[in-house]
Structure formats: structure tokens, C-alpha cells
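Below: one structure, written as C-alpha cells.
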Amino acid sequence: MANLQQSLVRANLAGYIKLVVPCNADAYEGNVPSQGAFRPELTQIMTQLVSFLNSNGSPFVVNIYPFLSLYGNSEFPQDYAFFEGTTHPVIDGSNTYTNAFDGNYDTLIAALSKMGYGQMPIVIGEVGWPTDGAVGANLTAAEVFNQGLIKHVLSNKGTPLRPAVPPMDVYLFSLLDEGAKSTLPGNFERHWGIFSFDGQAKYALDLGLGNKKLKNAKNVQYLPARWCIANPNRDLSEVANHMKLACNVADCTTLNYGGSCNAIGAKGNVSYAFNSYYQLQMQNEKSCNFDGLGMVTFLDPSVGDCRFLVGVTDTSASFRPYQ
């Protein structure tokens, strides 16, 4: 960072370009927000980083994910993750916290204050809610969270430790689903998008821009309306390896517990996996063979909230399923 800063100075760009280091919210901790402090093993490097940011007029960038708090702790009160009030407020002296975002944000402010940088501007580098792949990850929850967040930030109320001073900037995560992303943290990792892979808005979202709403991508060229499913006339006892092949290439995370396609049954799971692979292969005829266990159908096999996707052509801008 020091080298990069010197380069910016030499290029006369230091006043225009600010270097930042996005930090996860687990860099700091505290039983209540006012006790916030950076973790002991990180104190030295965080002191150097914050000093550097301050001396160069850079904000502190933090990624805050109330969903991850809920996902990782079965005792975490669900309503505290949102912005509609809670029956489990956090009482911190004279301050009361009714949502996890404010509590987390003020924990960071307390940590910065202990270093002598209590007024440092803060940017939310990532915040959002996934729509699939885990319990609690769904369209309704994502819309309620993101809309509540936007309304909260635009109200300019700030937080108890920074009243009337909202974050300098807030970046919603993310624009599109990422079907090839690592699922190491959880299957929800591929479903943070406000838009699905084909550029269609998943839900209505008022960004506080008057009449400007989310708009779907136009003129998307879909592949023909056909799907690959399990052949109902074949014994599927030897299908495991074929499913593994399909799901290693395509995205099958919606089939897991809590996912939108979790309850479609064993044969439905096979069909979903086959179709995901088939669409990713641009509906190549051979990609629905699976040693005779797959077959092409022109009847949409979608069930309830479980959508069997149809891919888009290579000519549809840069959209391609899961890519």
C-alpha cells in the first residue's frame, strides 16, 4: 500500500484515487457495541492500516453481513437481523440497538475510537442477503433486508454512536448471481444477486431514486423452451455418478437443505441436475444423454418455487448461465 501510495503521489493522482482495504466484520469484536475493539492478534496491523488510511484521507471499508450471523448461530434472534424492530434489542448503557447492522457498525466505531480515529469516514464495501441455498435465504427475506437497509441509510438517522451521520457509501452485494463461486462458506454463496443470471430483477427494490426502479435486461435471447429431465422409463439406480458429473460443472446448490428445490424428490433432483448441465452446454443434444438416463422434454418441469432454468444464447450480451 505504501508503494502504491507513492506511485499515486508521483502521478499526481493521490487527490483523486484513495487506497482502501476492505475488512470483514470479524476483524473486531465486543460483547456490546461500546466495547468494540480490534481482535488482539490483529491490533498491530490494524493500527498501521488505520493510521495509513487516515494520513491519506481514505475511508475505512468494512463488509457487514447480518445473514452470516444468523446462518452461523442458531441462537441469533432472526428479527434482529432485519430493520423492522426486534423483541431482542441489545441494551448498551443508554443506547438501544434494534438491528444487527447498527450494532456491528457501532462496534467498529468503538474500535476505531480506541485507536484515536473515532471520526474516520466509513464505507460499507459489501452488504446484502442471499435468495437461495440455505434456510433463511429466500426472495422475501432478501427484499425485506435490502429494502430495510436502503430506507435506513437514506433516513440519515445514523447510529447511536454516530447520530445523523450515515455511512459515506454503501455497496449492495451483489448485482448478479455467481453460479461458479466457491460454496465453501455455504451453498448460499452463489445466490447473492439482486438480478438472476439472465439480468432479470428477482424482486422489486426502491433505491430511493424517485421513479427509477430496477429494470430487467432487455432483448435477452433465450435458448429454445426445452429441458433435460430423468427418463421416467429407465432405472435410475446407477445415476449417482452422472449427477456428480452434472453438479461438478453446473450449479445444483438449490437442491440442498433450505434451497428452493430441496423438496422435489429424488427423481426431481436428478432432473434438475441434468437440466442445469444441459443448459450450461447450450442444449447440446449429447449433453442430455447420461447413458440413456436423460431425455429432452418440451414441458416445463418447474415445481412451485423451484425453477428449471432455460439458458441464454451467446449473443445475449455477456449473460450465460452460471458463468
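Give, as a single signed number, the net charge of other residues whose beta carbon lies under 13 Å from the beta carbon of Val90, with Lys and Arg counted +1 and Asp and Glu -1. Net charge in that neighbourhood comes out at -4. In order along the stretch 125-130, the phi-based Karplus estimate (6.51 cos²θ - 1.76 cosθ + 1.60, θ = phi - 60°) of 3J(HN,Hα) comes to x, 8, 7, x, 8, x Hz; Gly and Pro are listed as x. Note that the stretch 42-55 has calculated 3J(HN,Hα) couplings of 9, 4, 5, 5, 5, 4, 5, 5, 5, 5, 5, 4, 5, 5 Hz, one per residue in order, obtained from phi through the Karplus relation 6.51 cos²θ - 1.76 cosθ + 1.60 (θ = phi - 60°); glycine and proline are x.
Taking amide H as placed 1.01 Å from N in the peptide plane, Cys23 has its amide H under 5 Å from the amide H of Val61, Val62, Asn63, each at least 5 places away in sequence or on another chain. The mean sequence distance of close C-alpha pairs (under 8 Å, at least 6 residues apart), as a share of the length of the chain, puts its relative contact order at 14 percent. In straight-distance terms, cross-link reach from Lys244 covers every one of the lysines whose alpha-carbon lies under 28 Å from its own, apart from those fewer than eight places away in the same chain; here that gives Lys181, Lys267, Lys286. Based on C-alpha pairs under 8 angstrom that are at least 6 apart in sequence, the stretch 227-315 has a relative contact order of 42 percent. A cut-off of 5 Å between modelled amide H atoms, ignoring neighbours fewer than 5 places along the same chain, links Tyr222 with Thr313.
Ignoring lysines fewer than eight residues from Lys212 along the same chain, the ones with Cα atoms less than 19 angstrom from its Cα are Lys151, Lys202. Restricting to bridges with both residues inside the chain, how much of the DSSP beta-bridge set is antiparallel, in percent to the nearest 5? Bridges in the chain that DSSP calls antiparallel: roughly 60 percent. Where only DSSP H runs of four or more residues are counted, the chain gives -8500 deg cm²/dmol as its mean residue ellipticity at 222 nm, each run worth -39500 (n - 2.57). Rounded to the nearest 10 degrees, the angle from helix 139-154 to the longest Cα principal axis of the chain is 20 degrees. Converting phi to 3J(HN,Hα) with the Karplus coefficients 6.51, -1.76 and 1.60 and the offset θ = phi - 60°, the stretch 239-253 yields 8, 4, 5, 5, 5, 4, 4, 4, 7, 6, 9, 9, 9, 10, 5 Hz in sequence order, with x at every glycine or proline. Once backbone amide H atoms are built at 1.01 Å from N, Gly128 has Phe173 as its partners under 5 Å, excluding neighbours fewer than 5 places away on the same chain. Per residue, the solvent-accessible area of the chain (1.4 Å probe, heavy atoms of protein chains only, all protein chains present) comes to 52 Å². Surface composition of the chain: carbon plus sulfur atoms hold 52% of the accessible area, using a 1.4 angstrom probe and ignoring ligands, DNA and RNA.
Using DSSP loop states and a limit of at most 10 other Cβ atoms within 10 Å to flag chymotrypsin sites (Phe, Trp or Tyr not before Pro), what is the longest stretch of the chain containing no flagged site?
17-256
For the chain, the dipole from Cβ point charges (+1 on Lys and Arg, -1 on Asp and Glu) about the Cα centre works out to 800 debye, to the nearest 20.
Within the chain, what is the longest stretch that has no GluC sites (Glu not before Pro) placed in a DSSP loop and near at most 11 other beta-carbon atoms within 10 Å?
That gives 85-237 as the longest site-free run.
The values are calculated or read from the model by the stated rules, or taken from the named source; none is laboratory data. Please read these numbers as outputs of a predicted model, since none were measured by experiment. Cβ: placed from backbone, ideal geometry, glycine included. Neighbour counts: every protein chain shown. To get the accessible areas, we keep the full protein, side chains included, count just its heavy atoms, and leave off ligands, DNA and RNA. Shrake-Rupley method; radii C 1.70, N 1.55, O 1.52, S 1.80 Å.
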